[in-house]
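In what follows, a single structure is set out as structure tokens and then discussed.
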Amino acid sequence: MEVQSENCGYCGSCVTVCPEGIIELAENGLNVEIGCTDCGNCVYVCPLGALMVGKDDD
């Protein structure tokens, strides 16, 4: 999962739709914990394009 925190508007939509519950909003942007399944739910709901599936898997 690639996160472009500079594009994040802190709306929390990605946090709500993550079936694994591993996305959290932090002061410095989004944190995506280990366990992402690349389902794409967060990418689909993000209005600002701050998330991309399969780019930077931690």
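Values computed for the structure shown
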| quantity | calculated |
| --- | --- |
| Selection count, the range 18-33, where residues are touching a residue at least 12 places away in the same chain (Cβ under 8 Å) and either at positive phi or in contact with a Pro (Cβ under 6 Å, 6 or more places away or on another chain) (or both) | 1 |
| Positions within the range 21-38 being of a type outside the set (Val, Ile, Thr), assigned to a loop (DSSP other than H, G, I, E, B) and surrounded by fewer than 14 Cβ atoms within 10 Å (Cβ to Cβ), in sequence order | GLY21, GLU27, ASN28, GLU33, GLY35, ASP38 |
| Hits in the range 1-56 - residues which are of a type in the set (D, E, K, R) and touching an Asp or Glu at 6+ places or on another chain (Cβ under 7 Å) | GLU2, LYS55, ASP56 |
| Residues of the range 39-58 satisfying the condition of being in a loop (DSSP other than H, G, I, E, B) and exposed (fewer than 13 other Cβ atoms within 10 Å of the Cβ) | PRO47, GLY49, GLY54, LYS55, ASP56, ASP57, ASP58 |
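Read-outs: derived from the displayed coordinates by stated rules, not from any lab. These figures come from a predicted structure and were not determined experimentally. Here Cβ is always computed from backbone atoms with ideal geometry, including for glycine, and neighbour counts include all displayed protein chains.
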